[in-house]
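S.K.: Pasting a structure below so you can have a look.
The values are calculated or read from the model by the stated rules, or taken from the named source; none is laboratory data. All figures in this text were calculated on a predicted structure; none of them were measured in a lab. When we count neighbours, we look across all protein chains shown, and the Cβ atoms used for this are built from the backbone with ideal geometry, even at glycine. In case anyone asks, the SASA skips ligands and DNA or RNA and just uses the protein heavy atoms, side chains included. Shrake-Rupley method; radii C 1.70, N 1.55, O 1.52, S 1.80 Å.
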Amino acid sequence: MAGDRLSVGGRRNNIGEVCTPNAGADVARNRALWTMVNEQFTDEDAHRAWAADELTWGLFGVPERDLVVLGDVRGLDVVELGCGTAYLSAQLARRGARPVGLDLTPAQLATARRCQERFGLVFPLIEANAEHVPLASASFDLVVSEYGASVWCDPERWVAEAARLLRPGGRLVFLTNSVLATLCVPEEEGVAQDHLLRPQRGLHRVEWPGGGVEFHPSHGEWVRVLGANGFVVQALHELYAPADAATHRYYGIATAEWASRWPVEDLWAARLTAGVMAPGSAPSGR
Ligand SMILES: C[S@@+](CC[C@H](N)C(=O)[O-])C[C@H]1O[C@@H](n2cnc3c(N)ncnc32)[C@H](O)[C@@H]1O
């Protein structure tokens, strides 16, 4: 699959199924996709991403210093769900956090380990499904996901896991494709257009032919899932491409021109309500 036919998520199509008919098959399919993407792009790009001076968000590099969505992370226990090559965790480690990176795909974690050695920055990396995290409850201050679980996992499952992993008052910060961009990409080929190409009604689980399985809830659905798991939404940053941004050379969801006019990514921040146990967050003993 050529890079220009791949969103950060994968191929776009067949929106509308609202259930997860075969979660095991979805996981296998997504692992295979990310093994291929690692070979085509992320392994080669990881060194650049790890070496970056500045922490930025998304395909067009919106600086964290402009958003201040993470704030001061010094001394925080952080888990990244769907860490890929773990460059975000590396940036957090440089800022004094104690990250743990978790990912489904061995090839992605192998790249992350190689970068850890090269940059002399080592933190735990775990191969696991972010819908069933083998880590103890209430052991983190911050859960992050940058196009990881936030795209590839069922929100009902991974948000519940995020709530379980966080200490009361902890924060969840995640980045995903904007709802608008998802509505504007063609069914078969090409980048986001300047008009809607599919209904929002029924938008949830998305199967891309030749690609993976993604989840694209509406804003209202995110608010419902977060609230049901004990989170209070702090912010939804709708990210546009900065003025000097160039179209991404591999992930073909939208051009920089499109993303300068419409929000291409949604960056959510939520806090776990202090003292309230979220549904499913009872200590599991893991
Ligand atoms: C776009 S990458 C995001 C990671 C990171 N920000 C990066 O770009 O390297 C998506 C990652 O999600 C991982 N992933 C997909 N499904 C997952 C699951 N069920 N549990 C954990 N990770 C998953 C993939 O293996 C892939 O490494």
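S.K.: Inspect all residues belonging to the stretch 242-255 and state whether any of them is among the aliphatic types (A, V, I, L, M) and at pLDDT 95 or above.
M.R.: Initial filter on the stretch 242-255 (among the aliphatic types (A, V, I, L, M)): 243, 245-246, 253-254.
Restricting the remaining residues to those that are at pLDDT 95 or above gives none.
No: zero hits.
S.K.: Considering A149, A228, A192, which residue is surrounded by 24 or more Cβ atoms within 10 Å (Cβ to Cβ), out of contact with any strand residue (DSSP E or B) (no Cβ under 9 Å at 6 or more places or on another chain) and not charged (D, E, K, R)?
M.R.: A192
S.K.: Write out, first by first residue and then by second, each pair whose Cβ atoms fall under 7 Å of each other, whose residues are 6+ apart or on separate chains, and whose first residue, in the stretch 43-62, is without any contact (Cβ under 8 Å) to a residue 60 or more places away in the chain while the second is surrounded by 21 or more Cβ atoms within 10 Å (Cβ to Cβ) and among the aromatic types (F, W, Y).
M.R.: Sorted first by the residue in the stretch 43-62, then by its partner, the pairs are A49/Y87.
Residues checked against (1) under 18 Å from V37 (Cα atoms); (2) free of Cβ contacts under 8 Å to residues at least 24 places away in the same chain; (3) open to solvent by less than 20 Å² (accessible area, probe 1.4 Å):
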| site | (1), (2), (3) |
| --- | --- |
| A97 | no, no, yes |
| D103 | yes, no, yes |
| R118 | no, no, no |
| L121 | no, no, no |
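S.K.: Another question about this same structure. I'm trying to understand the selection: among the residues of the stretch 126-140, which are more than 11 Å from the ligand (Cβ to nearest atom) and open to solvent by less than 40 Å² (accessible area, probe 1.4 Å)?
M.R.: Passing the criteria: L135, S137, S139, F140.
S.K.: Here's a follow-up. Does the stretch 47-59 contain any residue that is open to solvent by less than 10 Å² (accessible area, probe 1.4 Å), part of a strand (DSSP E or B) and modelled with pLDDT of 95 or more?
M.R.: So far as the stretch 47-59 goes, yes, one or more of its residues are open to solvent by less than 10 Å² (accessible area, probe 1.4 Å), part of a strand (DSSP E or B) and modelled with pLDDT of 95 or more.
S.K.: If A107 satisfies all but one of (1) within 13 Å of the ligand (Cβ to nearest atom); (2) open to solvent by 20 Å² or more (accessible area, probe 1.4 Å); (3) outside any helix (DSSP H, G or I), what's the number of the condition it fails?
M.R.: Of everything listed in (1) within 13 Å of the ligand (Cβ to nearest atom); (2) open to solvent by 20 Å² or more (accessible area, probe 1.4 Å); (3) outside any helix (DSSP H, G or I), A107 misses just condition (3).
S.K.: Taking the criterion of being assigned to a helix (DSSP H, G or I) and either modelled with pLDDT under 95 or touching a helix residue (DSSP H, G or I) at 6+ places or on another chain (Cβ under 7 Å) (or both), would at least one residue in the stretch 199-213 satisfy it?
M.R.: Here is the first cut: in the stretch 199-213, the ones assigned to a helix (DSSP H, G or I) are none.
Scanning the stretch 199-213, I find no residue that is assigned to a helix (DSSP H, G or I) and either modelled with pLDDT under 95 or touching a helix residue (DSSP H, G or I) at 6+ places or on another chain (Cβ under 7 Å) (or both), so the answer is no.
S.K.: Working only within the stretch 158-169, note down all residues that are closer than 18 Å to G71 by Cα and crowded, with 24+ Cβ neighbours inside 10 Å.
M.R.: Listed by number, the list holds a single entry, L166.
S.K.: Inside the stretch 73-99, can you point out the residues that are in contact with a strand residue (DSSP E or B) (Cβ under 6 Å, 6 or more places away or on another chain), more than 25 Å from R31 (Cα to Cα) and either in a strand (DSSP E or B) or away from the ligand (no atom under 15 Å from the Cβ) (or both)?
M.R.: Selection gives L76, D77, A97, R98.
S.K.: Residues of the stretch 231-253 being outside any loop (DSSP other than H, G, I, E, B) and either in contact with a Cys (Cβ under 7 Å, 6 or more places away or on another chain) or open to solvent by 70 Å² or more (accessible area, probe 1.4 Å) (or both), which ones?
M.R.: Correct list: V232, Q234, E238.
S.K.: Looking at (1) away from the ligand (no atom under 12 Å from the Cβ); (2) over 30 Å from E156 (Cα atoms), which is the one condition that is false for R48?
M.R.: (1)
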